[in-house]
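Working notes, structure below.
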Amino acid sequence: MTDGVQARGRIASPVCEWAVRPTAVVVHDPAAAGAFDALDPDSPPEEFLFRERPDPQRYGEQHAAFVAELRRHLGRVFLLSELAGDHEVWARTARSPNQVFTRDSLITLPWAPSAYIAARMRPVLRRPESRTLEVAVQRLGLTELVRLPEHVFLEGGDVVPFTREGRRTLLVGHGPRSTLEAARFLQEALIPAHLDEIIAIRLADWRLNLDGGFLPVAEDVVLSDRESILSAMLLDATGAHPFDLWGLLRSLGVRVIEVTRSESVDSQACNCVCLGERRVIRYDLCERVARLLDRHDVQVYCVPGSELVKGRGGPRCMSRPIYLPLDPHWAHTGGD
């Protein structure tokens, strides 16, 4: 890390998810791609992994409102169809409702803006999604950093770029979707050249991904359903060590905004898109948490989520940030 500036005297604020405004975000356009055809009442439930069938028209309207909010705050928002629509892989995933969760299928790091890691998802139904995102980000100029082995599972919703005292830190959740083996693989493959440490966080068996139950949104604010978090382990160049996650946050002066299990699951109250400068986009489904964020000087922009939340994901899940400065070729694509 080259930036060791102390933010509010608490935590070094070089490059991490809550501190950096992405140069662009990649999203799906499920309505235009026909993804909602699979949500027809007559379609078999194995065609999607949503907790219940949303109303297709309202889902499309709410997703469009979410994309419009992203465009309002960020430089560019790319639709997958703009980046990968002419590739053969597009036909395999465009119509899948699950492709809307562009965060899960690929990982980008703010301190390595030209690199990506393709996820390997446990549900067989979702595995082709990673290839679609790979095509998209490769066309934006990103190159693969490392390839996960076939027996290792990792989803983007379980990976949160963090920082503590200048260290490039990955928070990696492991549980129903991602495995501890994935965190250990990243430890061996990325430390010390691309990473300083990993905090591997064991999740309760009902918590699908880390960002549903734990997410730093500013240098001194974390949203968490503590019931989701069972234990933590520090992985660094010296090996693996037991780790006190809550003790770390106390030592850094970080305030944990407590979210209940119901709020985190039914309202996705932890799941936000970080825009940098203490700003987040979240669903309009949990006013209590929104008020607490405002009380802690975090600016909240709400989007309608009553139908979107039925997919078991939040705004973070539906957005894959890009940190690489864009080639002029894309200057007139992706909107402003």
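Output the antiparallel fraction of DSSP beta bridges having both residues in the chain, as a percent to the nearest 5.
Values: 33 of 53 bridges.
Percent antiparallel among DSSP bridges in the chain is about 60.
Defining a contact as two alpha carbons under 8 Å apart and six or more residues distant in sequence, what relative contact order in percent does segment 189-305 show?
Working: 201 pairs, mean separation 26.4, N = 117.
In percent, rounded to a whole number, it is 23.
Separation between the Val124 and Lys310 pseudo-spin-labels, each 7 Å from Cα along Cα→Cβ, expressed in nm?
Between Val124 and Lys310, the label points sit 2.8 nm apart.
Counting only other residues whose beta carbon sits under 14 Å from that of Ile191, what net charge do I get with K and R as +1, D and E as -1? Working shown, then result.
Details: positive: Arg167, Arg168, Arg184; negative: Glu188, Asp196, Glu197, Asp236.
Combined, the nearby Lys, Arg, Asp and Glu give -1.
Using just the helices of the chain, give the 222 nm mean residue ellipticity in deg cm²/dmol: DSSP H runs with n ≥ 4 each add -39,500 (n - 2.57), and the total is spread over all residues, rounded to 500.
Numbers: 9 runs with 76 residues, N = 336.
Per the formula, -6000 deg cm²/dmol.
Each label point is 7 Å from the Cα along the Cα-to-Cβ direction; what then is the distance between the points at Ala65 and Ala204, in nm?
Simple spin-label model gives 2.9 nm for this pair.
From Cα pairs below 8 angstrom and at least 6 apart in sequence, can you work out the relative contact order of segment 31-133, rounded to a whole percent? Walk me through the numbers before you get to the answer.
Values: 82 pairs, mean separation 29.9, N = 103.
Once divided by the residue count of segment 31-133, the mean separation gives 29 percent.
If you take the square roots of the eigenvalues of the alpha-carbon gyration tensor of segment 266-336 and sort them as a ≥ b ≥ c, do you get rounded (a/c under 1.5), prolate (a/b over b/c) or oblate? Kindly include the intermediate steps, with their values, before the conclusion.
On the way: a/c = 2.86, a/b = 1.63, b/c = 1.76.
Note, shape of segment 266-336 comes out oblate.
What number does segment 10-324 give for Rg over Rh if you use C-alpha atoms and the Kirkwood radius? Mind dumping the intermediate values first?
Values: Rg = 18.0 Å, Rh = 19.3 Å.
Radius of gyration relative to Kirkwood radius: 0.93.
Based on alpha-carbon centroids, what's the gap between segment 248-263 and segment 41-109 in Å, whole number please?
30 Å
In percent, how large is the relative contact order of the chain, given Cα pairs closer than 8 Å and 6 or more residues apart?
On the way: 749 pairs, mean separation 79.7, N = 336.
Relative contact order of the chain: 24 percent.
Roughly what angle does helix 128-139 make with the longest principal axis of the chain, taking Cα atoms, 0 to 90 degrees, to the nearest 10?
For helix 128-139, the angle is close to 80 degrees.
Could you identify which residue out of Thr143, Thr108, Thr179 has the top mean-square fluctuation in a GNM of the chain using Cα springs shorter than 10 Å?
Looking only at Thr143, Thr108, Thr179, the largest GNM fluctuation is found for Thr143.
Semi-axes, largest first, in whole Å: what does sqrt of 5 times each Cα gyration tensor eigenvalue give for segment 21-154?
Details: eigenvalues 117, 76, 31 Å².
That gives 24, 19, 13 Å for the three semi-axes.
Just add up the charged neighbours of Ala119: K/R +1, D/E -1, any other residue whose Cβ is under 15 Å from the Cβ of Ala119. Kindly include the intermediate steps, with their values, before the conclusion.
Numbers: positive: Arg103, Arg120, Arg122, Arg126, Arg127, Arg131, Arg147, Arg177, Arg316, Arg320; negative: Asp104, Glu129, Glu134, Glu144, Glu150, Glu155, Asp158, Glu181, Asp211.
Its environment carries a net charge of +1.
If a/c stays under 1.5 just call it rounded; otherwise compare a/b with b/c (prolate if a/b is bigger, oblate if not). Do that for segment 108-182, with a ≥ b ≥ c from the square roots of the Cα gyration tensor eigenvalues.
Details: a/c = 2.25, a/b = 1.10, b/c = 2.04.
It comes out oblate by the Cα gyration axes.
Any read-out appearing in this document is the output of simple, stated calculations on the displayed coordinates, not a laboratory observation. All values reported here derive from a predicted model rather than from experimental measurement. So basically every Cβ, Gly included, is an ideal-geometry build from the backbone, and we count neighbours across all protein chains shown.
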